[in-house]
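The structure appears right after this line, and notes come after that.
Nothing in this text is a laboratory measurement; each read-out follows from the coordinates by a stated rule. None of these values were measured; they are calculated from a predicted model. Reconstructed Cβ throughout: ideal geometry from the backbone, glycine too, with neighbour counts over all protein chains shown.
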Amino acid sequence: MDEDVRVTICPTTLFVPNAFTPNGDGLNDVFKPVGIRVSDYRFQVYDKWGKLSFDTNNFDEGWQGAEYPADVYYYWITYTDSDGGSQSQKGTVQLLR
């Protein structure tokens, strides 16, 4: 009996929230991507003027944002996926007070 087997490869996906509230209530206080661990990871956050506000290579570390005003910030994430390909994600996040 011949059978075909279909294998679907899913790309590495990071979920990135679009807002956070660094007010110390324990809910959405830190801005960071969520997903499977990746290699060669870098996560950066910039203000609207392009000034670097946060930079890390540690997947478990997120941006606290406590000393920054409510505003829209820009993030840039680069990493190597499980197939060895270079990936990047960019977007905006709203810091709410």
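Remark: the range 48-54, residue by residue, has Karplus-estimated 3J(HN,Hα) of 5, 9, x, 7, 5, 9, 7 Hz, where x stands for each Gly or Pro and the curve is 6.51 cos²θ - 1.76 cosθ + 1.60 at θ = phi - 60°. Taking a straight Cα-Cα cut-off under 20 Å and skipping sequence neighbours fewer than 8 places away in the same chain, the aspartates and glutamates within cross-link reach of K32 are D40, D47, D55, D60, E61, E67, D71, D81.
In terms of Cα atoms, the Rg and Dmax of the chain work out to 16.7, 66 Å.
Within the listed set Y68, Y46, Y79, the Gaussian network model of the chain (springs between alpha-carbon atoms below 10 Å) gives the highest mean-square fluctuation for Y68. Loop-located trypsin sites (Lys or Arg not before Pro) in the range 47-90 (DSSP state not H, G, I, E or B) with no more than 13 neighbouring Cβ atoms inside 10 Å: K48, K51.
Amide H to amide H, with H built 1.01 Å from N, D71 comes under 5 Å of L95, counting only residues 5 or more places away or on other chains.
At R0 = 22 Å, how high is the FRET efficiency between T13 and Y68 if r is their beta carbon distance? Nearest 0.05 is fine.
Approximately 0.20, to the nearest 0.05.
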